[in-house]
Amino acid sequence: MTKEEKQAVLLTTARAFMNRGQPLQYDQLSMDRSLQITTRRRYTLPPEAATPQQRLYLDCATFICAAYYNAFGYRLEADVTWNIRDLVQDCVFRHNFTGEETDAEIEAMKAEVKALLEPGDAVVWSKATNGHIMLYVDEHTYYNSSQAGTPGSYDYQNRRDLVSEKGGMHKEDVRWWFEETEDKVAGRNYLFKRAFKTLAVLRPLNRVGEPTPDAMARMGSAKDLWFAVTASHSGGQTAQPGDIVEYTLTVRNDRDTAAKVEISFAAPAGCRLLAKASAARSLAPGETAVLSFPVRLEQAEQLWISPPVIAANGLHVYAPRVLVGRNLSAVQTQALLAAMKSTAQDRSTEAAVNAAYQAIGITLPERRLLLRDLFHRYDSLQGEVFVRRVQNPAKDLAVYSYFGGTGVVTPDVGCDPFLRTTQLRMEDLQPGDILLVSDDYTNHHIYEAMYTVEGFLGSFAPGQPPALLTGAEATTYLDSLPGRYAYAILRPSLSLQD
């Protein structure tokens, strides 16, 4: 394959990320405290993982990594900007600023960089403590994942999630790399600021192999088609044997011409397909089609249903996995919530939750002991931190992957993108779920609330009597959990046996 063909593959893959819109968000700040990894970044996932049901988080560095990985299966030598700057091969330009460069020297550097840039190059600027990396497209355009002058993706001071309406990907004008402007937003990536530490142009495309089959599909019959798969059991919801799980595929034709779309569906292991498994559609420009594939879960061999195999015009479309576990019956749920509401009036939250679950035959352990069993505590240079023990929902009662907090590290999240959730939503919870929160590593300040149909009933600060949060207040509280020291979502029904 020629250099020009590889460039086209890379930029087509990068454009697929660009086109995801709001479901793809920027995140750089939610870092584990002892390890420099961002717990929400997921650079091994394809563009189609960003759906209306699931956000995909990238920052500037992981966008570059994701583009190369999904185009060629190629892993860059690092996934943090300043490490990419120093470690990624090949480097075709580097300048370490002294702050004393003359205007003539700056102009000479501009001319040199303009002359050597090629599509697919990664351009990095860095200061002493931060930096930014961007993907060169052509003489007019570059792509990057950026805050673009907006607040960061999570406000740790006020403990609230921030969502950009436009998403985290941006297509911008190369002119602002080479021209100074008083517009701080347009000029934030001017490359020749004397206050910078380093400017580098990297060319990893020299080292990649052949494109992945999915990258070739995006270049061919799947080009300019937008796909997204959602599931009836989203996020933290659990299915149990006998349940029907429905996968919905949305296809949009972003071409200027009509497109024929051929789709095949293979049910996950342990599931039986209940409807036609393949389909063909002809879509007019801008037209959207929605197809549903219901399956019945007959046997669960692990903690989740493996994703179905969905192919559309040769592209394997990402599909979410669905968690598996025992759920309360409608009668049990109604009895549980009624007992919780009646006992919460005159008891502490923990006592009320214990009594409510006892009413349906489930005995809960002391929360401090339960939290101890969920996390291992150890010392680091940044202070005491928690590490999640091996997850076993049937024993520890915790919904798989639904844990986190500023004091919780997950060193292997880079290898397992599903180890820890990236997003908390009301739709991912089930009535009776318990939100268990600790504000410090000693676990002396634990409090909890139960999710009900109306919202959350419980304590929202140490020692607080039970209260009910509904509507926007409930959503705000859920958003606050990643900014607290540690949290876990418990579902005691997971301990039930057949």
Restricted to the stretch 222-234 and to residues being under 18 Å from Pro47 (Cα atoms) and not aliphatic (A, V, I, L, M), the residue surrounded by the most Cβ atoms within 10 Å (Cβ to Cβ) is Phe227
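Here's the yes/no breakdown for (1) crowded, with 20+ Cβ neighbours inside 10 Å; (2) within 20 Å of Ala266 (Cβ to Cβ):
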residue	(1), (2)
Pro294	no, yes
Gly314	no, yes
Tyr318	yes, yes
Ala335	no, no
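Can you find even one residue in the stretch 188-208 that is more than 29 Å from Arg75 (Cβ to Cβ) and either open to solvent by less than 30 Å² (accessible area, probe 1.4 Å) or out of contact with any Phe, Trp or Tyr (no Cβ under 9 Å at 6 or more places or on another chain) (or both)? Talk me through it step by step, then tell me what you get.
Step one: of the stretch 188-208, the residues more than 29 Å from Arg75 (Cβ to Cβ) are 190, 192-195.
Cutting the leftovers down to either open to solvent by less than 30 Å² (accessible area, probe 1.4 Å) or out of contact with any Phe, Trp or Tyr (no Cβ under 9 Å at 6 or more places or on another chain) (or both) gives us 190, 192.
Yes.
What do you reckon, is Val399 at pLDDT below 95 and not in a helix (DSSP H, G or I)? First the steps, then the outcome.
On the way: at pLDDT below 95: no; not in a helix (DSSP H, G or I): yes.
Criteria not met by Val399.
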Sole miss for Ser401 among (1) open to solvent by 50 Å² or more (accessible area, probe 1.4 Å); (2) under 27 Å from the mean Cα position of the chain (by Cα) is condition (1)
The condition of being out of contact with any helix residue (DSSP H, G or I) (no Cβ under 9 Å at 6 or more places or on another chain), modelled with pLDDT of 95 or more and of a type in the set (Phe, Trp, Tyr) holds, among Phe97, Phe93, Phe17, Phe63, only for Phe97
Among residues of the stretch 128-159 being open to solvent by less than 70 Å² (accessible area, probe 1.4 Å) and among the charged types (D, E, K, R), the residue farthest from the chain's Cα centre (by Cα) is Asp138
Of the conditions (1) open to solvent by less than 60 Å² (accessible area, probe 1.4 Å); (2) in contact (Cβ under 8 Å) with a residue 24 or more places away in the chain, the single one that Leu273 does not satisfy is (2)
When every residue in the stretch 269-304 that is touching a Phe, Trp or Tyr at 6+ places or on another chain (Cβ under 6 Å) and not in a strand (DSSP E or B) is compared, the one nearest to Thr257 (Cα to Cα) is Ala277
When (1) touching a Leu at 6+ places or on another chain (Cβ under 9 Å); (2) modelled with pLDDT of 95 or more are applied to Leu297, the one that fails is (1)
Of the residues in the stretch 160-178, those that are over 18 Å from the mean Cα position of the chain (by Cα) and open to solvent by 80 Å² or more (accessible area, probe 1.4 Å) come to Lys171, Arg175
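Output the helices (runs of 4 or more DSSP H) that fall wholly within the stretch 18-127 and possess 3 or more residues being open to solvent by less than 20 Å² (accessible area, probe 1.4 Å) and in contact with a Ser or Thr (Cβ under 7 Å, 6 or more places away or on another chain), or say none.
Values: elements: 60-72, 81-87, 103-116.
Passing ranges, in order: 60-72.
Please find, among Thr452, Thr410, Thr422, Thr476, the residue that is of a type outside the set (Lys, Arg) and more than 27 Å from Arg42 (Cβ to Cβ).
Working: Thr410 fails: more than 27 Å from Arg42 (Cβ to Cβ); Thr422 fails: more than 27 Å from Arg42 (Cβ to Cβ); Thr476 fails: more than 27 Å from Arg42 (Cβ to Cβ).
The match here is Thr452.
The values are calculated or read from the model by the stated rules, or taken from the named source; none is laboratory data. Nothing here was measured: the structure is a model prediction, and the numbers come from that model. Ideal geometry is used to build each Cβ from the backbone, glycine not excepted, and the neighbour counts take in all protein chains shown. Heavy atoms of the whole protein, side chains included, go into the accessibility calculation; ligands, DNA and RNA do not. Shrake-Rupley method; radii C 1.70, N 1.55, O 1.52, S 1.80 Å.
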